[in-house]
Amino acid sequence: MNDALPATPSFLAIALYAALTGGGMLAGVWLMRRYEVWAVRHGGELIAFAAGLLVAGALIHFVDRAVELSGAGAALAWTLVSFLALYVAEAHVVPHTHGRAPSEHGVFAEGRTLGPMVVGGLGLHSVVDGLSVGAGFSVDPLVGWVALVLVVAHKLPEGIASMSALYASGVSGRRAAATTTILALITPLAVIASFLFLKGVGPRTLGALLALTGGAFLYVGAADLLPEGQARGRLANTFFFLAGVAAMVAVKVLE
Ligand SMILES: [Zn+2]
């Protein structure tokens, strides 16, 4: 399976992967501007599927490789640090909205947060997303591809979440779209920058970076996406979550 993949992707390939990570989030913006009702109604399935991909991918691909590269103690410590950092960055800053979930009054049940704080939390998150792809391809193509799939899969709900959070802070539709579009550009830039800067970095540093991004995926999957998918309460969402986990297990088994 590994033999079919190129050893190190060319700069052009990395630029293309980077564009994909930005495109996913822009698709979320577009859906919320054009088809908000549809996006909210069917967002649950995608969110549950992405949650399965992220939780399983973080544990069996990222943390697993990080342990190989920098030892179990360091790898698990960095995973925890990253999980906690994202909690602090997101839990008290970004409202928990990965879809525009209206209350009985037709407005957001939670979250009247300042726009700049939303943007700050999501901006940091976007850098980590990009770093995961750059670090992944610096380790080996398979980890790079897993990172790319994990990032693209949750970028669409992230675009919807960003729009929702900005709406909830009282930002107009047009300004929310412009702000989220700028946020969408951060990840592709971080993909390219991290890929260029990580050339020749030692295995222990790469292991720590993989653990950091693994902890971030674990947090986003388990704390952001999974409760959101469960909140819709449909049996189909459980199926989509397990399908996401199964996809990552399949990649591991076929590796
Ligand atoms: Zn993300």
For the subset of region 70-101 comprising residues that are part of a helix (DSSP H, G or I), buried (at least 16 other Cβ atoms within 10 Å of the Cβ) and at pLDDT below 95, which member is farthest from the chain's Cα centre (by Cα)?
Ser70
Take region 211-246 and flag every residue that is more than 16 Å from the ligand (Cβ to nearest atom), among the aliphatic types (A, V, I, L, M) and crowded, with 17+ Cβ neighbours inside 10 Å.
Ala211, Val245
Top-ranked residue of region 149-201 - restricted to ones that are among the polar types (S, T, N, Q) and within 15 Å of the ligand (Cβ to nearest atom), ranked as surrounded by the fewest Cβ atoms within 10 Å (Cβ to Cβ):
Ser194
Could you count how many residues in region 220-249 are over 20 Å from the mean Cα position of the chain (by Cα) and part of a helix (DSSP H, G or I)?
3
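For region 37-60, name all the residues that are of a type in the set (D, E, K, R) and crowded, with 18+ Cβ neighbours inside 10 Å.
To start, the set of residues in region 37-60 that are of a type in the set (D, E, K, R) comprises 41, 45.
Within region 37-60, Glu45 is the sole residue that qualifies.
The values are calculated or read from the model by the stated rules, or taken from the named source; none is laboratory data. Note that the structure is a prediction, hence the values are computed from the model and not measured. As a convention, Cβ positions derive from the backbone with ideal geometry for all residues, glycine included, and neighbour counts pool all protein chains shown.
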